[in-house]
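Structure, as structure tokens:
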Amino acid sequence: MSTGPSQPAPSENGNQAAITHLKGSATRYWREKIIQYLLFLAAFSSVAVTTGIVVTLLSESAVFFQQVSLWEFLTETTWTPAFDEPKHGILPLVAGTLITTGVALAVALPIGTIIAIYLSEYAPFALREIIKPILELLSAVPTVVYGYFALLFVTPWLKWLFELPFLVDYMPELDAFSMLSAGIVMGIMIIPYVSSLSEDAMRSVPMLLREGAYALGANKLITSIRVVYPSALSGIGAAYILGISRAIGETMIVAIAAGMQPNLTWNPAEPASTITAYIVQVSKGELPREGPGYKAIFAAGLTLFVMTLGFNIVGHILRKRYREAY
Amino acid sequence: MIDIQRLINRRKRQDLFFNFLGIACTLVGIITLLALMGDLAYSGLTRIDWQFLTSYPSSSAEKAGVLPALVGSLLLMFITVSLAVPLGVAAGVYLEEYSRKNWLTTVIEINIANLAGVPSIIYGLMALSLLVYQFHLGRTLVVGGITLALLILPIVIVSTREALRAIPNGIREAAYALGATRWQVIKDHLLPYSAGGIATGTIIAMSRAIGETAPLITIGVPLFISVLPDSPFQSTAPFVNFDWLTAKFTVLPIQMFNWVSRPDPAFHRNAAAAGLVLITLTLSLNAVAIVIRYRLRKKIKW
């Protein structure tokens, strides 16, 4: 395509000469080649980044696993790498990560899905155009600010709520640091990830399907739940997966508001550390390479990477399996 | 007949109910955003003054300020953007305009999608091991800049590709028909036409990078620092110097993290004030992006 027209009219000799000149121009040819090669290198650099991530995580963790058996890492129930008699059980950190993620999803998935259905099926066009960018600001707020908000606004407020006379008997006692408030705030942060992508997926469902449902006497709600939602499931699933991997990898909110003590518990009202919060706690200040913490954060990081990668792969498979082409 | 009427009424009530539910859920998000900003303003607004913006951190909450953190954040953004934009745009151009559909392209594309899902703290771990300890670059501005640039690279690539894809093929074909080479088409036509879209994506990426804390803590950026990097400009020739690239630094979100983790409420007010400065920066970046996007949509009709 880039070599220009194949054969011009032979009558104009000058023109012909110009074109053969261009075609034969070595500088022109090589400049194009070199530029293409450089651009390819830029695109390929992203693969180098992934390789860098995987190789560093694996090689640094390899040293860790020479000292700690994989069995101890996965079954031991305490995580105290800095103690004199160190214990290396990742379970408390994984539990903390899963619980904060669970709380966040309990907030974000229902609210995000309802907002998506509302914006795509109910809201008038003008309203949607205003609400969408405002909601997207929720994911633009820096997470450290959310951490401040969870610790100094949401936690005191939840405490007050839980100590109301008619609730105090049913509600757990809330610590100053708790996975619950960190999780709730994290959930609100990921609402736009869920709602925006789900809404895009639902809006790409063709109108014909909706009209079919209306013709059978369905109202908007039934059409949304029984027709639009299932048809957009692959896109909605991708949105959910994105929300989950954001929640698993989220760091500052939990590091600030959930406490930093590894704590194997299933009670969200308690403080606990997550994988990410542990990494932050250890690497505050200059972390010497020889210390016990250095290898441990890479083993923890590898676990985190495997977890998010797992969810991303599941998401990829779901998307392929349930994709509906219109 | 009565049954049908009742059924219709019930369905209408369902719809009405869901309408309210949808509005309520939307309000949850909006009210949280307002509460967050209100809380920051309530605790921090009185703390923001010239002294706060131009002072160094201090053990006394009233005397402390954000100057080194603010300067650090701005310099770091400068490095991040000057690394991520050329690399990301080049990668996007290659994938959209050059690459053929083969396994290598597929690998690169899947890889970029996965990179966007990698938690930011993992980038910090990689930078700590590779840049700080293997390459001995230290915990400097340039290391922070590289880390954040790699972090936002997928956003820049994706927005470049989307902007290029929006340009109709007729433009390319017209230029080829006049004898332009592929690179001439890209340089003289595609890049200028997609500049707005690329700028929007870059600004969104910047607003994410400026609030990013975890990867920087991981590479060991100090929680507070009381010196400024050398100025990039000097009065003698050659008028610019690059010593600042290897300076130690801290950034606004880390300064805020430092203050919020102290028990003394006086420091919490400082944290709120730092948060206000930070959120003003991110939200104004977002506002600029929204304005550009809006004007593009109005102006360009292919």
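At R0 = 35 Å, how high is the FRET efficiency between residue A:69 and residue B:110 if r is their beta carbon distance? Nearest 0.05 is fine.
Details: r = 33 Å, r/R0 = 0.96.
Given R0 = 35 Å and the Cβ-Cβ separation, E is 0.55.
Distance from the Cα centre of region A:133-199 to that of region A:286-303, in angstrom?
30
Need the list of aspartates and glutamates near residue B:187 for cross-linking: C-alpha distance under 20 angstrom, and skip anything on the same chain fewer than eight residues off.
Answer for residue B:187, where 20 Å is the Cα cut-off: A:32, B:96, B:97, B:162, B:173, listed by chain and number.
Taking every pair of distinct Cα atoms and averaging 1/r, then inverting, what Kirkwood hydrodynamic radius in Å comes out for region A:80-321?
Working: mean 1/r = 0.0510 Å⁻¹.
It works out to 19.6 Å.
Probe radius 1.4 Å, ligands and nucleic acids left out: which of B:27, B:104 has the largest accessible area, and how do the rest follow? Could the numbers behind the result be given before it?
Details: B:27 80, B:104 45 Å².
If we order B:27, B:104 from most to least accessible, we get B:27, B:104.
How far apart, in nm, are two points set 7 Å out from the Cα along the Cα-to-Cβ line at residue A:225 and at residue A:130?
2.9
Please find, in a Gaussian network model of chain A (springs between Cα atoms separated by less than 10 Å), the residue of A:222, A:99, A:248 whose mean-square fluctuation is greatest.
A:222
Given labels modelled 7 Å from the Cα in the Cβ direction, how far is it in nm from residue B:228 to residue B:290?
Computed distance between label sites residue B:228 and residue B:290 equals 3.3 nm.
Across chain A, where is the longest run that never hits trypsin sites (Lys or Arg not before Pro) in a DSSP loop with at most 16 other C-beta atoms within 10 Å?
So the longest stretch without any such site is A:1-288.
What is the magnitude of the charge dipole of the protein assembly as shown about its Cα centre, with +1 placed on the Cβ of each Lys and Arg, -1 on the Cβ of each Asp and Glu, and no other charges, expressed in debye to the nearest 20?
Around 2180 debye, computed over the protein assembly as shown.
Considering only protein heavy atoms and a probe of 1.4 Å, how much of the accessible area of the protein assembly as shown is carbon and sulfur, as a whole percent?
Here carbon and sulfur together make up 66 percent of the probe-accessible area.
Select from A:144, A:55, A:314 the residue whose mean-square fluctuation is largest in a Gaussian network model of chain A (Cα-Cα springs shorter than 10 Å).
A:55
Using Cα centres only, tell me the gap between region B:1-33 and region B:198-215 in whole Å.
38
So what is the 222 nm mean residue ellipticity for chain A from helices alone, if each DSSP H run of at least 4 adds -39500 (n - 2.57) and you divide by all residues, rounding to the nearest 500 deg cm²/dmol? Don't jump to the answer; show the numbers that get you there.
Working: 13 runs with 211 residues, N = 326.
Mean residue ellipticity, 222 nm, calculated: -21500 deg cm²/dmol.
Once B and A are treated as a pair rather than alone, how much accessible area drops out, both sides summed, in Å² to 100, probe 1.4 Å?
Chains B and A together bury roughly 7300 Å² of accessible area.
Just the Cα atoms of region B:56-126, one point each, no solvent: what log10 I(q)/I(0) does Debye give at q = 0.12, 0.20, 0.23, 0.26 Å⁻¹?
Relative scattering, expressed as log10 I(q)/I(0), comes to -0.57, -0.99, -1.09, -1.15.
Given A:225, A:262, A:110, which one lies farthest toward the positive end of the charge dipole of the protein assembly as shown, if we put +1 on the Cβ of every Lys and Arg and -1 on the Cβ of every Asp and Glu?
Of the candidates, A:225 comes out farthest on the positive side.
How large is the accessible surface per residue of chain A, computed with a 1.4 Å probe and reported in Å² as a whole number?
With all protein chains present, chain A gives 47 Å² per residue.
Percentage of Cα-Cα pair distances in chain B greater than 36 Å, rounded to whole percent?
For chain B, the share of Cα pairs beyond 36 Å comes to 35 percent.
Where does the charge balance sit around residue A:172 when Lys and Arg score +1, Asp and Glu -1, over other residues with C-beta under 14 Å from its C-beta? Intermediate values should be presented prior to the final figure.
On the way: positive: A:159; negative: A:163, A:169, A:173, A:175, A:270.
Net charge in that neighbourhood comes out at -4.
Any aspartates and glutamates with Cα under 20 Å of the residue B:248 Cα? List them, leaving off those in the same chain fewer than 8 positions away.
Those aspartates and glutamates meeting the cut-off are A:286, B:212, B:230.
Relative to the first principal axis of the alpha-carbon coordinates of chain A, what is the inclination of helix A:125-137, with its axis defined by its Cα atoms, in degrees from 0 to 90 and to the nearest 10?
Between helix and principal axis, roughly 60 degrees.
For residue B:187 paired with residue B:34, estimate the spin-label separation in nm (one decimal), with each label point 7 Å from Cα along the Cα-to-Cβ line.
In this crude label model, residue B:187 to residue B:34 measures out at 5.4 nm.
Only helical DSSP H runs with n ≥ 4 go in: add -39500 (n - 2.57) per run for chain B, normalise by residue count and round the 222 nm mean residue ellipticity to 500 deg cm²/dmol.
Using -39500 (n - 2.57) per qualifying helix, the result is -22500 deg cm²/dmol.
Suppose every Lys and Arg Cβ carries +1 and every Asp and Glu Cβ carries -1, with no other charges. What dipole size does chain B come out with about its Cα centre, to the nearest 20 debye? Don't jump to the answer; show the numbers that get you there.
Working: 25 positive and 15 negative charges, 236 e Å.
Here chain B has a charge dipole of around 1140 debye.
Scan around residue A:79 for amide H atoms under 5 Å from its own, H built in the peptide plane at 1.01 Å from N, and keep only partners 5 or more places away or cross-chain.
Hits under the 5 Å cutoff: A:89.
Per 0.36 nm of contour for each residue apart, how much would the distance between residue A:80 and residue A:261 grow if the chain were fully extended, relative to their Cα-Cα spacing?
Contour length minus the Cα-Cα distance gives 64.2 nm.
The values are calculated or read from the model by the stated rules, or taken from the named source; none is laboratory data. Keep in mind the model is a prediction, meaning the values are calculated, not measured. So basically every Cβ, Gly included, is an ideal-geometry build from the backbone, and we count neighbours across all protein chains shown. What goes into the accessible areas is simple: the full protein's heavy atoms, side chains included, and nothing from ligands, DNA or RNA. Shrake-Rupley method; radii C 1.70, N 1.55, O 1.52, S 1.80 Å.
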